[in-house]
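Student: Mind having a look at this structure? Questions to follow.
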Ligand SMILES: C[S@@+](CC[C@H](N)C(=O)[O-])C[C@H]1O[C@@H](n2cnc3c(N)ncnc32)[C@H](O)[C@@H]1O
């Protein structure tokens, strides 16, 4: 009883701390819960297309935060084992305390590797993570995804494309002058978040070893660069619940 009470108070404490960081959504908000469930359904549809109905597979949620998507996904696919990793220790602890039985969470470092064996996963997904990595770190983490997946594994990764760029141009001063022509010409655009990599309380786990910001990528750039590691099946415009695109890839057999 006492133990349950202290667990509940720790969960409340963690939720309050997590909710104060803009990059991680408040786990107690209804909007966050509903969007997380909608995203989980989008991912479950792709997973069931690839592996059949209610498959018994190993899934990784990379950059899971407090489990907005991995908790509903673990509930939708109860025979699968979901591993959720993140650099944010409080989010990982919150997830450990609130997750269903088929979901476990682990802390990882800002740079690869993960403390996970090669060839562990049948599926990896990442929502709103590669939309923040600069190019070098992005490729390093993709190589790590290749290491920890099995041949034929499915990868579902959200990115920011044209729809996000149009929104950023209107809402973020650092993006106001970026033109559509520049996007078509450069196909990869990146701006640091001021203050990220400062190793302060607002950015736990994000270290000075690399940068963290907003990344916009054209589908052709993704197919060319990421296509060197994975078979890129589709870059689905606005394929997530929000404005982000969904990259669907398979690890070559
Ligand atoms: C915008 S949030 C998205 C969280 C979650 N995927 C969701 O959709 O609710 C980005 C997450 O990536 C995590 N992150 C940043 N760098 C990371 C890294 N190198 N490895 C794992 N997670 C990372 C952050 O701590 C944060 O929780």
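The values are calculated or read from the model by the stated rules, or taken from the named source; none is laboratory data. Please read these numbers as outputs of a predicted model, since none were measured by experiment. We place every Cβ from the backbone using ideal geometry, glycine too, and count neighbours over all the protein chains shown.
Student: Counting only residues that are surrounded by fewer than 19 Cβ atoms within 10 Å (Cβ to Cβ) and on the phi > 0 side of the Ramachandran plot, which one in the stretch 46-83 is nearest to the ligand (Cβ to nearest atom)?
Tutor: Here the residue is 54.
Student: May I ask you to list pairs of residues, at least six apart or on different chains, whose Cβ atoms are under 9 Å apart, with the first in the stretch 48-66 being within 13 Å of residue 156 (Cα to Cα) and free of Cβ contacts under 8 Å to residues at least 40 places away in the same chain and the second being assigned to a loop (DSSP other than H, G, I, E, B) and away from the ligand (no atom under 16 Å from the Cβ)?
Tutor: 48/54; 48/55; 48/77
Student: Then there's this: Determine, yes or no, whether residue 128 is in contact (Cβ under 8 Å) with a residue 40 or more places away in the chain and farther than 21 Å from residue 34 by Cα. Break it down into steps so the answer makes sense when it comes.
Tutor: Working: in contact (Cβ under 8 Å) with a residue 40 or more places away in the chain: yes; farther than 21 Å from residue 34 by Cα: no.
Against the criterion (in contact (Cβ under 8 Å) with a residue 40 or more places away in the chain and farther than 21 Å from residue 34 by Cα), residue 128 does not qualify.
Student: Taking the conditions exactly as written (surrounded by 19 or more Cβ atoms within 10 Å (Cβ to Cβ), outside any strand (DSSP E or B) and either in contact (Cβ under 8 Å) with a residue 12 or more places away in the chain or away from the ligand (no atom under 14 Å from the Cβ) (or both)), does residue 235 satisfy them or not? Reasoning before the result, please.
Tutor: Values: surrounded by 19 or more Cβ atoms within 10 Å (Cβ to Cβ): yes; outside any strand (DSSP E or B): no; either in contact (Cβ under 8 Å) with a residue 12 or more places away in the chain or away from the ligand (no atom under 14 Å from the Cβ) (or both): yes.
Here the answer is no, as residue 235 does not meet what is asked.
Student: Follow-up question, since we're still on this one. Quick test for you: out of 115, 140, pick the one residue that is part of a loop (DSSP other than H, G, I, E, B), within 13 Å of the ligand (Cβ to nearest atom) and either touching a strand residue (DSSP E or B) at 6+ places or on another chain (Cβ under 6 Å) or at pLDDT 95 or above (or both).
Tutor: Only one candidate passes the filter, namely 115.
Student: If the requirement is being in contact with a strand residue (DSSP E or B) (Cβ under 8 Å, 6 or more places away or on another chain), surrounded by 18 or more Cβ atoms within 10 Å (Cβ to Cβ) and more than 22 Å from residue 33 (Cα to Cα), which of these qualifies: 135, 122, 86?
Tutor: Working: 135 fails: surrounded by 18 or more Cβ atoms within 10 Å (Cβ to Cβ); 86 fails: more than 22 Å from residue 33 (Cα to Cα).
Just a single option satisfies the conditions, and that option is 122.
Student: Filter the stretch 12-33 down to the residues that are over 17 Å from the mean Cα position of the chain (by Cα) and part of a helix (DSSP H, G or I) and list them by number.
Tutor: 12, 13, 14, 15, 16, 17, 19, 30, 31 - these are the residues of the stretch 12-33 that are over 17 Å from the mean Cα position of the chain (by Cα) and part of a helix (DSSP H, G or I).
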